[in-house]
Amino acid sequence: MATNIKIEDILNDLKLEKNDQDGINAVAVIGFGVMGQGIAQTIASHGIEVVAIEKNQKQLDTMTNLLKESMDREIQRWTMTKSEKNSTLSRIHGSVDFKTATQCNIIIEAVDENFELKKKIFSEFDTLCDPETIFISNTSTLSLSKLAAVTKRPDKVIGMHFLNPVPKVPLVELVRGLKTSDKTFEIMRTFAERIGKTVVEVFEYPGFVTTRIIVPLLNEAMHALMEGVATADGIDTAMKLGYNFQYGPLELADMMGLDEVLAWMESLFHELGEAKYRPCPLLRRMVREGKLGRKSGEGFFKYNDQAKRTS
């Protein structure tokens, strides 16, 4: 991963070399957790410089090491080479200084699904960034229009809902807020295609397409487990073999992070008031107990240090 010392020099040089297709040569990713890492890796692997911003150096170092470990596992699986890893990491520049991001063409917010936190980030960057900078949120359930309203550029605010694992899932939901301009949408469509994603145009609505459809499935699988209809393995096997799913719903929830799934359900239930989004009590209990899925080593199943399922 590139060092902080080189960031400004690299970005200043890039100002003279804008991409002909979309004008984007440098991207800031705010929040370097699981989603932020995946987004940064995907963008950097397509030859674009990325500034990855975290709240402090300790958090940045921890997340950087997790990204390296994840890429090392891909090398072990023969799905990535060492040269590809090194090339990608050379384009990701870690920073704890928000001002570094102001030299980028677009800002991608990838922090936790917390409206107040996202609003604070959008408001702060609105005062720091060039008026032409496009703001993107990776939110899966929150209102883009409400986020855009705290800025002076609502026409340049748009959603890009990536799915985890970002480097492997070829889809991105490109979400229009109420005031997102056609120009902003087309710029981001070109950018998304440039980084290898198939775009689905989505108009703002709680949960968009993927989240609002997958959440009731996950919730119902959890209720079936809680009610003793079948074991976790039995439920997942039934759905994989019966409906040709790559992953069963409970393992998928573990992959997403049970705390994240709970946050989606609570947000959708609050917004829409429909019982199908009310979080299963079993999910609430597991999150309270710190059983968050793969990232904690235990959820509906158990996992080793390499995130491989052991039970």
Name the pairs: first residue in the stretch 236-247 and modelled with pLDDT of 95 or more and of a type outside the set (S, T, N, Q), second residue outside any helix (DSSP H, G or I) and exposed (fewer than 15 other Cβ atoms within 10 Å of the Cβ), Cβ to Cβ under 8 Å, at least 6 apart or on different chains? ASP236/TYR247; ALA238/ALA230; LYS240/GLN246; LYS240/TYR247
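One line per residue, one yes/no per condition, for (1) crowded, with 22+ Cβ neighbours inside 10 Å; (2) in the same structural domain as ILE43 (by TED's automatic domain parsing); (3) modelled with pLDDT under 95:
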position: LYS85; (1), (2), (3): no, yes, no
position: THR102; (1), (2), (3): no, yes, yes
position: ASN105; (1), (2), (3): yes, yes, yes
position: ILE108; (1), (2), (3): yes, yes, no
position: ASP130; (1), (2), (3): no, yes, yes
position: SER137; (1), (2), (3): yes, yes, no
position: SER143; (1), (2), (3): no, yes, yes
position: PRO154; (1), (2), (3): no, yes, no
position: GLY159; (1), (2), (3): yes, yes, no
Some residue of the stretch 245-253 being over 11 Å from PHE300 (Cβ atoms), in a helix (DSSP H, G or I) and out of contact with any Pro (no Cβ under 6 Å at 6 or more places or on another chain): no
Tally time: how many residues in the stretch 143-162 are in contact with an Asp or Glu (Cβ under 9 Å, 6 or more places away or on another chain), of a type in the set (A, V, I, L, M, F, W, C) and closer than 13 Å to ALA192 by Cα? 2
Can you tell me which of LYS302, LYS291 is touching a Gly at 6+ places or on another chain (Cβ under 6 Å) and over 27 Å from LEU144 (Cα atoms)? LYS291
Selection within the stretch 161-171 - farther than 21 Å from TRP264 by Cα and surrounded by fewer than 16 Cβ atoms within 10 Å (Cβ to Cβ): LYS168, PRO170
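The values are calculated or read from the model by the stated rules, or taken from the named source; none is laboratory data. Keep in mind it's a predicted model, so treat the numbers as computed, not measured. Cβ coordinates were reconstructed from backbone atoms using ideal geometry, including for glycine residues, and neighbour counts include every protein chain displayed.
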